[in-house]
Amino acid sequence: MNPFQYQSGELTAENLPLSTIAEQFGTPCYVYSRSALEHNLQAYEHALQGIPHLTCFAVKANSNLAVLDVLARKGAGFDIVSGGELQRVLRAGGDPRKVIFSGLGKTEAEIEQALNVDILCFNVESDPELDRINAVASRLGKRAPISLRVNPDVDAGTHPYISTGLKENKFGIDIAAAFTVYQRAAAMSHIDIVGVDCHIGSQLTTVAPYLDAVGRVLQLVDRLSDAGIKLEHFDIGGGLGVVYNKETPPEPSELINAVKEKIRGRDLTLIMEPGRSICANAGIFLTRVEFLKHTDHKHFAIVDGAMNDLLRPSLYGAWQEIVPVTQTDTAGASPDRPEFTYDVVGPVCESGDFLGKERVLRIAQGDLLAVRSAGAYGFVMSSNYNTRNRSAEIMVDGDRATVVRQRETIDYQLSLEQVLTD
């Protein structure tokens, strides 16, 4: 579903005009749709009906407490990659028994924290991590449930920064070595082997790489079963793509139905870790045009949002659609809004500070722009670079808007620092 549509020439979030949100809460800001988050989660839940399953939202995509709360209320589990994300899930009312702990640098403190709240499983990414988890569990007198994150050496065909399933990537345990590591884990005093995990990358737009990876990992599952190591779940990770521009990613049902066929006949709970596909198109980034700068070579729309607010375009060259909040057309356009091809840039002192390049827009100073598909990897990657305050986050439910994260202030930023006393 698309919760951000034009009504009478005004772009709305569900039933609320974005211009009203900008007037009430200021810009730049992130705006999320509660109904879209719920709808996108339900797409997975509906497709997974009929088999044992768990949908674990990837918290790294959007860790706002209200977002996590909306999903927890609908029964979602959570995929975390830090102790801080675990605290967010617990604060938002998430069930620790539905938490998968991924990430390849888990500290002793994080492992202890997770064991003490009885999470569902650790996704182990190296031999030393396995040793550390066993040691911490032994010290606490607990048994640690683990799966191995297996690297199947499958090319997801995505940007190299978001590819995770190749031998040269830092993630996971080489599938050729995984059987031996499982045997070692089975002999450890405080380890319970409960599953297997793989994750090959992000923004995948076909099911073929998934099925390739699933097929390779199932061979390992069968070999382990023959050796007496029975697994309870198969976590196929996340990474299903969304539409930013002209992509045509499969629906969750297309992927899940194909995976169901692959695992048919095996007594395995299917776990998935979607992030982007649940929240990306459930959010927009709202920004205002400060100046229009025209040179002999370029036209620039200088906006109040910047790379510190939305890093993806600068970091990966990611493309996100940028649209005016108020529609204009050729017949009805006023003279102060001639059409130009703009680079939409922010005020940060870097040439890499842009939200989009070569965008055909009919805009004027003071206009509002919306950057679509900003609900994933938007605010979570923001910073205070140039001593800029991080944006407010707003949740819309029908015609009601709630501030779910206050805009930062300079006083807040500086409260964390101090000058020398001598």
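Just so it is clear, none of the values below were taken in a lab; they were calculated from the coordinates. Keep in mind the model is a prediction, meaning the values are calculated, not measured. All Cβ positions, even for glycine, are placed from backbone atoms using ideal geometry, and neighbour counts span all protein chains on display.
For Ile394, the residues whose modelled amide H falls within less than 5 Å of its own, excluding neighbours fewer than 5 places apart on the same chain, are Tyr30, Val31, Tyr32, Val404.
In order along the range 248-265, phi translates into HN-Hα couplings of 10, x, x, 6, x, 5, 5, 5, 5, 4, 5, 5, 3, 5, 5, 9, 3, x Hz, rounded to whole numbers, per the Karplus curve 6.51 cos²θ - 1.76 cosθ + 1.60 with θ = phi - 60° and x for Gly and Pro. Beta-bridge orientation, the chain: approximately 50 percent antiparallel, per DSSP, counting only bridges with both partners inside.
Packing here is the average count of other Cβ atoms within 10 Å per residue, and on that basis the peptides 29-39, 73-83, highest first, run 29-39, 73-83. The magnitude of the dipole of the chain, with charges of +1 and -1 set on the Cβ of Lys/Arg and Asp/Glu and taken from the Cα centre, is near 600 debye. Working from label points 7 Å from Cα in the Cα-to-Cβ sense, the Glu23 to Cys349 distance is 3.7 nm. For a straight C-alpha distance cut-off of 20 angstrom, the lysines reachable from Lys262 (same-chain residues fewer than eight places away being disregarded) are Lys230. Annotation: extensible slack from Lys74 through Ala177 equals 33.3 nm (criterion: 0.36 nm per residue apart, minus Cα-Cα distance).
For the range 34-276, a crude dipole built from +1 on the beta carbon of Lys and Arg and -1 on the beta carbon of Asp and Glu, taken about the Cα centre, is about 360 debye to the nearest 20.
Amide H contacts for His233 (H built 1.01 Å from N in the peptide plane; partners 5 or more residues away or on another chain; cut-off under 5 Å): Gly195, Val196, Thr269. Each residue of the range 225-240 was assigned a 3J(HN,Hα) from its phi angle through the Karplus expression (A = 6.51, B = -1.76, C = 1.60, θ = phi - 60°), giving 4, 4, 8, x, 9, 8, 9, 9, 9, 10, 9, 8, x, x, x, 4 Hz with x at Gly and Pro.
Here each label is just a point 7 Å from Cα along the line to Cβ, and for Phe291 and Leu414 those points are 2.6 nm apart. What spacing in nm lies between the two simple spin-label points modelled at Asp131 and Trp319, each 7 Å away from Cα in the Cβ direction? Label at Asp131, label at Trp319, 4.8 nm between them. Estimated purely from DSSP H runs of n ≥ 4, each contributing -39500 (n - 2.57), the mean residue ellipticity at 222 nm for the chain is -8500 deg cm²/dmol once divided by its residues. Each of the peptides 213-220, 276-283, 298-305 was scored by the mean count of other Cβ atoms within 10 Å over its residues; in descending order, highest first, they stand as 276-283, 298-305, 213-220.
Descending by average beta-carbon neighbour count within 10 Å, the peptides 222-235, 14-27 line up as 14-27, 222-235, the highest first. Residues in the range 33-46 carry Karplus couplings, in order, of 9, 5, 5, 5, 4, 5, 4, 5, 5, 5, 4, 6, 4, 5 Hz; the curve used is 6.51 cos²θ - 1.76 cosθ + 1.60 with θ = phi - 60°, and Gly or Pro positions show x. Amide H contacts of Asp367: Val289, each under 5 Å away and 5 or more positions distant or on a separate chain (H built 1.01 Å from N in the peptide plane; Pro and chain starts excluded).
Across the cross-link table entries Lys246/Lys357; Lys106/Lys260; Lys74/Lys142; Lys74/Lys106; Lys246/Lys293; Lys60/Lys298, which are compared at the Cα atoms, the separations over 26 Å belong to Lys106/Lys260; Lys74/Lys142; Lys74/Lys106; Lys246/Lys293; Lys60/Lys298.
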